[in-house]
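So the structure is just underneath, and the comments pick up after that.
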Amino acid sequence: MANSALLRELPSTERGLRTRSALIAAARTVFERSGYLDTRLIDITKEAKCSAGTFYTYFSSKEQIFAAVLELAQEDMLHPGMPHVEADADPAAIVAASNRAYFEAYKRNARLMGLLEQVASIDPEFRRLRQRRADAFVLRNARSIESLQARGLADTELDPLLASRALSGMISRLAFGYFVTRDGLPEERNVDLDELTRTATRLWVNALRIPG
């Protein structure tokens, strides 16, 4: 997700890894509580109960530790842990399970996704980082679409990468609107996760002409 401009190499000792992880956890707490712009390094070190010297052993700046926080969130969202699906389940059921896992992971990381959107609007490096995050999802979903096409379970006339970009963008914006901004949802319209998953899956299955 991030590159060498934002992240250093991992520590070589277990103690170093634990300290770095504790700093990242503390930073996430502060970023989510105070927002990116209002967070100070002293707030992070105070939350982590460590010195500024310890912080600078692992990170050079607020930008660098924010990138580390986002990297962990990306791992959670790319590999959220799928609900149990039978090995011989139809593709529609697998799409539904994948969408649910993504939405649940997005909900866990919604505050960070909102912050990333804000920071990307003012910082070119984080704008590129956000694009790399989106590209990772697009490529993963394109491979899944290509596999379905090879098995005769999806429209073979579609370009898998372009189809993935369209569908992944739809799912991502749907999640952002539902979990971050609540755009397009009147207060009296209480859409639950089941309905969100069902709608997203129906659109995905219909678009790819997946049977079932």
*Can we say R100 is surrounded by fewer than 17 Cβ atoms within 10 Å (Cβ to Cβ) and basic (K, R)?*
no
*Can you name every residue in region 145-162 that is within 21 Å of the chain's Cα centre (by Cα) and surrounded by fewer than 16 Cβ atoms within 10 Å (Cβ to Cβ)?*
L161, L162
*Which one of these is under 19 Å from L72 (Cα atoms), assigned by TED's automatic domain parsing to the domain that holds E104 and crowded, with 18+ Cβ neighbours inside 10 Å: R133, R165?*
R133
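Residues checked against (1) over 21 Å from N109 (Cβ atoms); (2) exposed (fewer than 13 other Cβ atoms within 10 Å of the Cβ):
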{"site": "R15", "(1), (2)": "yes, yes"}
{"site": "L23", "(1), (2)": "no, no"}
{"site": "E32", "(1), (2)": "no, no"}
{"site": "I44", "(1), (2)": "no, no"}
{"site": "S51", "(1), (2)": "yes, yes"}
{"site": "T54", "(1), (2)": "yes, no"}
{"site": "Q64", "(1), (2)": "no, no"}
*Answer with yes or no whether A22 is over 20 Å from L129 (Cβ atoms), of a type in the set (A, V, I, L, M), outside the structural domain of N109 (by TED's automatic domain parsing) and in a helix (DSSP H, G or I).*
yes
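Does D155 meet the test of being touching a Lys or Arg at 6+ places or on another chain (Cβ under 8 Å), modelled with pLDDT of 95 or more and not hydrophobic (A, V, I, L, M, F, W, C)? Write out each step before concluding.
Details: touching a Lys or Arg at 6+ places or on another chain (Cβ under 8 Å): yes; modelled with pLDDT of 95 or more: yes; not hydrophobic (A, V, I, L, M, F, W, C): yes.
The answer is yes for D155.
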*asked:* Exactly one condition in (1) surrounded by 16 or more Cβ atoms within 10 Å (Cβ to Cβ); (2) within 30 Å of S168 (Cα to Cα); (3) modelled with pLDDT of 90 or more is false for M1; which is it?
replied: (3)
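In region 169-206, which residue that is among the acidic types (D, E) and at pLDDT below 80 is nearest to the chain's Cα centre (by Cα)? If you could, list the steps in order and put the result at the bottom.
Restricting attention to region 169-206, the residues satisfying the condition of being among the acidic types (D, E) are 183, 187-188, 192, 194-195.
Narrowing further to those that are at pLDDT below 80: 183, 187-188.
Values: D183: 19, E187: 26, E188: 28 Å.
If we take residues in region 169-206 being among the acidic types (D, E) and at pLDDT below 80, then D183 is nearest to the chain's Cα centre (by Cα).
Got a sec? Which of L112, L116, L129, L139 is in contact (Cβ under 8 Å) with a residue 24 or more places away in the chain, aliphatic (A, V, I, L, M) and more than 22 Å from T181 (Cα to Cα)?
Details: L112 fails: more than 22 Å from T181 (Cα to Cα); L116 fails: more than 22 Å from T181 (Cα to Cα); L129 fails: more than 22 Å from T181 (Cα to Cα).
Result of the check over L112, L116, L129, L139: L139.
The values are calculated or read from the model by the stated rules, or taken from the named source; none is laboratory data. Treat the numbers as computed from the prediction; the structure is a model and nothing was measured. Counting neighbours? That spans all protein chains shown, and the Cβs are built from the backbone with ideal geometry, glycine included.
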